[in-house]
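Have a look at the structure below before the remarks.
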Amino acid sequence: MRQLPRLIRALCCIAVSLIGLVIDGSGQSQTPDTNQKLSLEDRIVLASGIYSAIPMYFGHMAGVPNLDLDREYRAYVNLVLKSDSRRDFDMATMEFIAKLGNGHTWFGDWWLRNTLGQSLGFYAHPIDGEWTVTETQVPDLRVGSKVTAIDGEPIEAFYARNAKYLFASDEHWRRRQLFESPYLFPLRFKLQLSDRRDISVVRTAPFAFHGTEFKESRLTMNGDIPVVVVPSFANPAIESSAIEHIKNVRKAQALVLDLRGNHGGSSAIMLLQALMTRPYHSWAESTPAGVALFQSWGVIGSRPALAWGSTLQFPRDPIYSGPLFILVDDGCYSACEDFVQPFRDNGRAKIIGERTAGSSGQAYIKDFGNGMALGLSVRRETFPDGRPFEGMGIIPDIEVHLSASDTLAGRDPVMAQALALAKAAPE
């Protein structure tokens, strides 16, 4: 990729990762008023600012061809005029922005996060149609447990009631977002499990974005095969530590890079260069181009866009050039997918696992100066050959499914497949 655009993209990704700290000022949780109000004037100014930014900056109207933005805005205004509650305003705004159907387009309020966004202490998402716990710090709740209800409400009903507030490019990612949105849950609740146990959950830990808990990558050895687990790109130290691990195993027979659950962050350009040995194609991209004169002529439609095709990029001084196996799943999102796509494009690595989330792009950030911010994805990416990526994801070379029973039993067929291939790889 051309160096200046790559630098700009990396800086923009870092800016998005840090926007919470910028908006919150110090980044420290305050003690906000749980019943905070917004004046009528504030609600009108905020709502109109949100609405007016969409036609200018939102780059994914092609993904919602049947959306009547004016009609949805009218419904949104009706909601925000009915209540002076800041929480009600936030929920109405999230519902409005979620209708744009894009995982990189969002509305957030630090007041809501600090007031009602305390961590759940666990994470669950659908595996084989069952809401399965995949991470937990809650006593007596173990990985592989299946959630059936929240305070007696069936989990599917709970999801259906809250899905309208979740930002996603497809239904699969929307479901993954439920347990990453703690402000949708009561501060105290009973978690009902399929084994008929009830687990009490009390949310006390501060809100945190997924990935910010990770500080570094980790290296494990399976016999002679090194496995580098990169859980996130939210912290530059994670990428740096991954590169250091690769330097230490640069003469290995084969290398496994585990990116499952990596929700992205900053573009991992240095890690890509450390592993890339072949030319590869970048994404093809487009962005809105609101030229008033052209629109008045009506010659290029009501939503003109500036588009540019894929370009051929070349490797630079890789650290490791042996057989490479990259593990992915539907939690590999954003910058994680930007990293994987070149290896899928040129076959440098075998991609193993399940299709990725299917959303990336740079966001325009509108900071309202009161803890609220709007992010609108301005760039729509497609595969180098023109196939759609948003809402579709990257399909692995070798698809291996991790089942709910695998999770409960602690089995990892994806890793097993990768290790079998790595051990068979020629030295």
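Since Pro236 meets every condition but one in (1) out of contact with any Lys or Arg (no Cβ under 6 Å at 6 or more places or on another chain); (2) within 24 Å of Val414 (Cβ to Cβ), which condition does it not meet?
(2)
Of all residues being assigned to a loop (DSSP other than H, G, I, E, B) and touching a strand residue (DSSP E or B) at 6+ places or on another chain (Cβ under 6 Å) in the stretch 359-389, which is modelled with the lowest pLDDT? Just the residue, please. Talk me through it step by step, then tell me what you get.
So in the stretch 359-389, the residues assigned to a loop (DSSP other than H, G, I, E, B) come out as 359-362, 368-371, 378-379, 383-387, 389.
Narrowing further to those that are touching a strand residue (DSSP E or B) at 6+ places or on another chain (Cβ under 6 Å): 360-361, 371, 378-379, 384, 389.
Working: Ser360: 94, Gly361: 87, Gly371: 97, Val378: 96, Arg379: 94, Pro384: 95, Phe389: 97.
Step by step, filter the stretch 359-389, then rank; the result is Gly361.
Looking at Asp317, Asp330, which one is more than 30 Å from Asn248 (Cβ to Cβ), touching a residue at least 24 places away in the same chain (Cβ under 8 Å) and in a loop (DSSP other than H, G, I, E, B)? Quick ask: steps written out before the conclusion?
Values: Asp317 fails: more than 30 Å from Asn248 (Cβ to Cβ).
Step by step, each of Asp317, Asp330 is checked, and only Asp330 is more than 30 Å from Asn248 (Cβ to Cβ), touching a residue at least 24 places away in the same chain (Cβ under 8 Å) and in a loop (DSSP other than H, G, I, E, B).
Where in the stretch 169-243 are the strands (runs of 3 or more DSSP E), entirely inside, with at least 2 residues that are out of contact with any Ser or Thr (no Cβ under 8 Å at 6 or more places or on another chain) and surrounded by fewer than 21 Cβ atoms within 10 Å (Cβ to Cβ)?
On the way: elements: 188-193, 198-202, 218-222, 225-229.
Qualifying strands (runs of 3 or more DSSP E): 198-202, 218-222.
Polar (S, T, N, Q) and in contact (Cβ under 8 Å) with a residue 40 or more places away in the chain: which single residue out of Thr212, Thr220, Thr204 fits that description?
Values: Thr212 fails: in contact (Cβ under 8 Å) with a residue 40 or more places away in the chain; Thr220 fails: in contact (Cβ under 8 Å) with a residue 40 or more places away in the chain.
It is Thr204.
Give the residue, chosen from Asn162, Asn114, that is in contact with a Phe, Trp or Tyr (Cβ under 8 Å, 6 or more places away or on another chain), assigned to a helix (DSSP H, G or I) and farther than 22 Å from Ala335 by Cα. Can you show your working first?
On the way: Asn162 fails: in contact with a Phe, Trp or Tyr (Cβ under 8 Å, 6 or more places away or on another chain).
Answer to the selection: Asn114.
Please verify whether the stretch 250-268 includes one or more residues that are over 29 Å from Leu402 (Cα atoms), in contact with a strand residue (DSSP E or B) (Cβ under 7 Å, 6 or more places away or on another chain) and at pLDDT 95 or above.
For the stretch 250-268, residues over 29 Å from Leu402 (Cα atoms), in contact with a strand residue (DSSP E or B) (Cβ under 7 Å, 6 or more places away or on another chain) and at pLDDT 95 or above: absent.
Here's the yes/no breakdown for (1) surrounded by fewer than 19 Cβ atoms within 10 Å (Cβ to Cβ); (2) of a type in the set (Ser, Thr, Tyr); (3) without any contact (Cβ under 8 Å) to a residue 60 or more places away in the chain:
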residue: Val45; (1), (2), (3): yes, no, yes
residue: Ala75; (1), (2), (3): yes, no, yes
residue: Asn78; (1), (2), (3): yes, no, yes
residue: Arg86; (1), (2), (3): no, no, yes
residue: Gly103; (1), (2), (3): no, no, no
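Check off (1) farther than 20 Å from Asn370 by Cβ; (2) crowded, with 20+ Cβ neighbours inside 10 Å for Arg113 and give me the number that stays unchecked.
Only one criterion in (1) farther than 20 Å from Asn370 by Cβ; (2) crowded, with 20+ Cβ neighbours inside 10 Å is unmet by Arg113, namely (1).
State which residue is surrounded by the fewest Cβ atoms within 10 Å (Cβ to Cβ) when the search covers only the stretch 367-420 and only residues that are over 22 Å from His125 (Cβ atoms) and among the basic types (Lys, Arg).
This residue is Arg387.
Would you mind stating whether Asn346 is surrounded by fewer than 22 Cβ atoms within 10 Å (Cβ to Cβ) and more than 27 Å from Asn114 (Cα to Cα)? Break it down stepwise before answering.
On the way: surrounded by fewer than 22 Cβ atoms within 10 Å (Cβ to Cβ): yes; more than 27 Å from Asn114 (Cα to Cα): yes.
So Asn346 passes the test.
Which ones in the stretch 142-154 are in contact (Cβ under 8 Å) with a residue 24 or more places away in the chain and more than 22 Å from the chain's Cα centre (by Cα)? Reasoning before the result, please.
Start the filter on the stretch 142-154 by keeping residues that are in contact (Cβ under 8 Å) with a residue 24 or more places away in the chain, which leaves 143-152.
Answer for the stretch 142-154, where residues must be in contact (Cβ under 8 Å) with a residue 24 or more places away in the chain and more than 22 Å from the chain's Cα centre (by Cα): Gly144, Ser145, Lys146, Val147, Thr148, Ala149, Ile150, Asp151, Gly152.
For the condition within 16 Å of Asp397 (Cβ to Cβ), at pLDDT 95 or above and out of contact with any His (no Cβ under 7 Å at 6 or more places or on another chain), what is the one hit in Asp329, Asp338? Walk me through how you get there before you give the answer.
Details: Asp338 fails: within 16 Å of Asp397 (Cβ to Cβ).
Being within 16 Å of Asp397 (Cβ to Cβ), at pLDDT 95 or above and out of contact with any His (no Cβ under 7 Å at 6 or more places or on another chain) holds for just one of Asp329, Asp338, which is Asp329.
Might you check whether a residue that is under 21 Å from Met91 (Cα atoms) and without any contact (Cβ under 8 Å) to a residue 12 or more places away in the chain occurs anywhere in the stretch 163-172?
Filtering the stretch 163-172 for residues under 21 Å from Met91 (Cα atoms) gives 163-171.
The next check asks that each one be without any contact (Cβ under 8 Å) to a residue 12 or more places away in the chain; those that pass are 171.
Checked against the condition, which is being under 21 Å from Met91 (Cα atoms) and without any contact (Cβ under 8 Å) to a residue 12 or more places away in the chain, the stretch 163-172 yields at least one hit.
So, in the stretch 390-422, how many residues would count as being at pLDDT below 95 and part of a helix (DSSP H, G or I)?
Total satisfying the criteria: 6.
The values are calculated or read from the model by the stated rules, or taken from the named source; none is laboratory data. Model, not experiment: these values are computed from the prediction. Cβ: placed from backbone, ideal geometry, glycine included. Neighbour counts: every protein chain shown.
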